[in-house]
Amino acid sequence: MQVNLAARAAAAEAKRAQTRDRLLAAAERVIAEKGVDAASIEDFVAAAGVSRGTFYNYFPSLADLVAALNQSIAASMGHLLDALPFDEDPARDLARRLHLGFAMAIRDPVRGWVLLRLIPAGAARQSLMEERFMAAFARCVERGRFRACDPRAASTLTFGMLRMAQRDMLVGSTQPEKAIELIAMLFVAFGLDPEDAAAISAAAAEGAYDTAAT
């Protein structure tokens, strides 16, 4: 009987990918509950239902696991953001992307807490999102929608607000609808007319939760 080596190799690779995904899913649950610093390899092993040896076959250290989780989340978020239709008005385009960020965190509270808890770990995901923001902010300035200012200062203001508001929403002290007002206020700070900012933020929030659920 002939052995189909290619099929066997493909099956082994598929099984390996499934185990890796299981470890990453377990890592999300553990980090959402405990954070990075308080979590141990034993926590991840128990949550994934694998042996310690299996863990090390995939991730030589906890830092490797966190890096892989960062990359996985960045890819997932990037896919949703890139799938949004482009809007000719850069302010509307940016508002839709910011609202989608809120919606992704609230739709999936585990992912929402992971997004917050990875920040002290120096997540590469954060750098990627901030680079996207600064490019979008620059388009708003070029088109005269926002006034010129240091894009890194604008990024600090935006992501500081997003992280605090996201935390408040996850603990239930602020309702998700508050994001409409917060993003409108942010755009006013960047130079947009208050009525224009309110209308753009309200319109951008529509459909954000449906998009986040896909």
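The values are calculated or read from the model by the stated rules, or taken from the named source; none is laboratory data. Here the structure is a predicted model, which is why all the values come from computation and not from measurement. Cβ sites come from the backbone with ideal geometry, for glycine too, and all protein chains shown count toward neighbours. Note: areas computed on protein heavy atoms with side chains; ligands, DNA, RNA excluded. Shrake-Rupley method; radii C 1.70, N 1.55, O 1.52, S 1.80 Å.
Using a probe of 1.4 Å on the protein chains alone, the accessible area found for LEU62 is around 50 Å². Rg of the Cα atoms in the chain, relative to 2.2 N^0.38 Å, amounts to 1.19. Ordering LEU116, LEU157 by accessible surface, largest first, gives LEU157, LEU116; the 1.4 Å probe counts only protein heavy atoms, with every chain in place.
Hey, how much of the P(r) for the range 52-176 falls beyond 17 Å, as a percent of Cα pairs?
Details: 4782 of 7750 pairs.
Looking at the range 52-176, the distances longer than 17 Å represent 62 percent of pairs.
Here the Gaussian network model covers the chain, with springs between Cα atoms less than 10 Å apart; of ALA184, ALA153, ALA74, ALA153 fluctuates the most. For the chain, excluding the exposed loop sites themselves (trypsin sites (Lys or Arg not before Pro), DSSP loop, at most 14 other Cβ atoms within 10 Å), the longest remaining stretch covers 1-142.
Ordering ALA83, TYR58, MET164 by Cα displacement along the dipole of the chain toward the positive end leaves TYR58 in first place; charges were set at the Cβ atoms of Lys, Arg (+1) and Asp, Glu (-1).
If you roll a 1.4 angstrom probe over the protein chains with everything in place, what fraction of the accessible area of the chain belongs to carbon and sulfur, to the nearest %? Before the final figure, lay out the partial values.
On the way: 6210 of 11320 Å².
Of the solvent-accessible surface of the chain, carbon and sulfur hold 55 percent.
Please give the per residue accessible area of the chain, computed with a probe of 1.4 Å over protein heavy atoms only, in Å². All intermediate terms of the calculation are to be shown ahead of the outcome.
Numbers: 11320 Å² over 214 residues.
Normalised by residue count, the accessible surface of the chain is 53 Å².
If you take the alpha carbon atoms of the range 1-104 and fit the smallest convex hull around them, that volume is 149 Å³ per residue. Each label point was placed 7 Å from the Cα along the Cα-to-Cβ direction; for ARG152 and ALA9 their separation is 4.7 nm. With the whole protein complex present, ASP64 retains an accessible surface near 70 Å², based on a 1.4 Å probe. The stretch between ARG20 and ALA203 holds 61.9 nm of extra length on full extension. This uses 0.36 nm per residue minus the Cα-Cα distance. When only the Cβ of Lys, Arg, Asp and Glu is charged (+1, +1, -1, -1), the dipole of the chain relative to its Cα centre reaches about 760 debye. One quarter of the convex hull surface built on the alpha carbon atoms of the range 134-214 amounts to 5.7 nm², the projected area averaged over directions.
Binning at 5 angstrom from zero up to the longest distance, how are the C-alpha pair distances of the range 53-126 distributed in percent? Bins of 5 Å from zero give 3, 14, 20, 21, 16, 12, 7, 3, 2, 1, 0 percent of pairs. Structure remark: mean-square fluctuation, Gaussian network model of the chain, C-alpha springs under 10 Å; the largest value among ASP150, ASP93, ASP43 belongs to ASP150. Model label points for GLU131 and LYS178, set 7 angstrom from Cα along the Cα-to-Cβ axis, are 3.2 nm apart.
Placing +1 on each Lys and Arg Cβ and -1 on each Asp and Glu Cβ, with no other charges, gives the range 51-110 a dipole about its Cα centre of roughly 300 debye. For the range 7-49, the extents of the C-alpha atoms along the principal axes are 41, 15, 13 Å, listed from largest to smallest.
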